[in-house]
1. Rounded if a/c is under 1.5, else prolate if a/b is larger than b/c, else oblate: which is the stretch 91-173, with a ≥ b ≥ c the root eigenvalues of its Cα gyration tensor?
2. Just add up the charged neighbours of Arg117: K/R +1, D/E -1, any other residue whose Cβ is under 11 Å from the Cβ of Arg117.
3. What does the C-alpha gyration tensor say about the overall shape of the stretch 127-280? Classify as rounded when a/c is under 1.5, otherwise prolate if a/b is larger than b/c, or oblate.
4. Cα centroid distance between the stretch 124-198 and the stretch 41-94, in Å?
5. Amide H to amide H, which residues 5 or more places from Asp72 or on other chains are under 5 Å from it, using H placed in the peptide plane?
6. Per residue of the stretch 224-240, what does 6.51 cos²θ - 1.76 cosθ + 1.60 with θ = phi - 60° give for ³J(HN,Hα)? Whole Hz please, x for Gly and Pro, Karplus curve as stated.
7. Evaluate the relative contact order of the stretch 187-243 (contact order divided by residue number), counting alpha-carbon pairs under 8 angstrom at least 6 apart; express in whole percent.
8. Could you please rank Leu81, Leu257, Leu247, placing first whichever residue has the fewest other Cβ atoms within 10 Å of its Cβ?
Amino acid sequence: MQLRPAVAVASALLGVSALLTGPAHAHSTAAATPSHAPLVIGHRGSPVSAPENTLASVDAAARLGITWVENDVQRTKDGALVVLHDTTLSRTTDVEQRYPNRSPWRVADFTLAEIERLDAGSWYGRRFAGQRVPTLGRYLDRVERNRQNLLMEVKAPELYPGIERRITSELRRRGWLDRPHVARRLVLQSFNAASLRTLHRLRPDLTLGFLGAPKTGELRSYAAYADQINPNHKSVTPSYLRAVHALRGPHGRALRLSAWTVDDVGTARSLARMGVDGIITNKPAEIRRALNDGARRLPGGAADSRARVPSAA
């Protein structure tokens, strides 16, 4: 999902319950009903408040009370893991000024030391000058410090053979593969089905999500390793959602669906009425407030969107 520079957007998701957690936390297949607000997940933190995927963005989400955040992970030339959405550095850093002769400025062509010299905040606003592209380790530590939970996208794994094992190693080193984190606080997702199958083999206990909208006749094959199907919101229909919810994933729970990227209140409310389980958004505070207000007006009362589980891109 391509995010426009936040200066154009701004001058122009949260705690897991039993919905999509680890194997030890089963939940009702009827959990996602129109009388419950979907989980709201901050797409790359809160990118209408701070530059996407930076520590400033995840901190901004924390200040807004957003306890689920989404990020993107890639690998540098020397094997380090960094948090960045684009496979090139040019849109959200000053790489073209600092390294003008190294077009097309791919993440994989730069060492960690080179990437850490880049300014990842000035493009967004002067007060964010000096923000850096965070390593996965620093990002995990910040999410932990903020008592947040993480939806992690393995970005373009076809460009980084073996990245799945490197990711699980870093998660383990930072304490994110213990039972509480795996069961309640961590979901990995990707557009690449082969990468998800690799992750499932490495750590069968992980909650995984496939980014995309497979045909309904193909959903059962994804349910062998994925707990979630997370499509672009334009692909979501009531019949598609029913087909997803009708299947059980590798941990015996009904598949869940979170839609991305939803920044319009009317669209978010429409998806909530359909019964989606989660909404990934660049405007998490605004969308959460709108969904909770809408849920309170429905029969049966409201379920706070912070008390559910995630999915995104």
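Since every read-out is calculated from the coordinates, none of them should be taken as a lab result. Quick caveat, the model's predicted, so the values are computed rather than measured. Please note: Cβ atoms are built from the backbone with ideal geometry, for glycine as well, and neighbour counts cover all protein chains shown.
1. Working: a/c = 2.37, a/b = 1.25, b/c = 1.89.
Cα axes put the stretch 91-173 in the oblate bin.
2. Details: positive: Arg98, Arg132; negative: Asp94, Glu114, Glu116, Asp119.
Surrounding charge for Arg117 is -2.
3. Numbers: a/c = 1.82, a/b = 1.30, b/c = 1.40.
Verdict is oblate for the stretch 127-280.
4. That distance is 10 Å.
5. Under 5 Å from the amide H of Asp72 lie the amide H atoms of Leu84, Glu153, each far enough along the sequence or on another chain.
6. 5, 9, 10, 8, 9, 10, 10, x, 4, 4, 5, 8, 8, 10, x, 5, 5
7. Values: 63 pairs, mean separation 18.5, N = 57.
So the answer I get is 33 percent.
8. Values: Leu81 22, Leu257 27, Leu247 15.
Ascending Cβ contact count within 10 Å gives the list Leu247, Leu81, Leu257.
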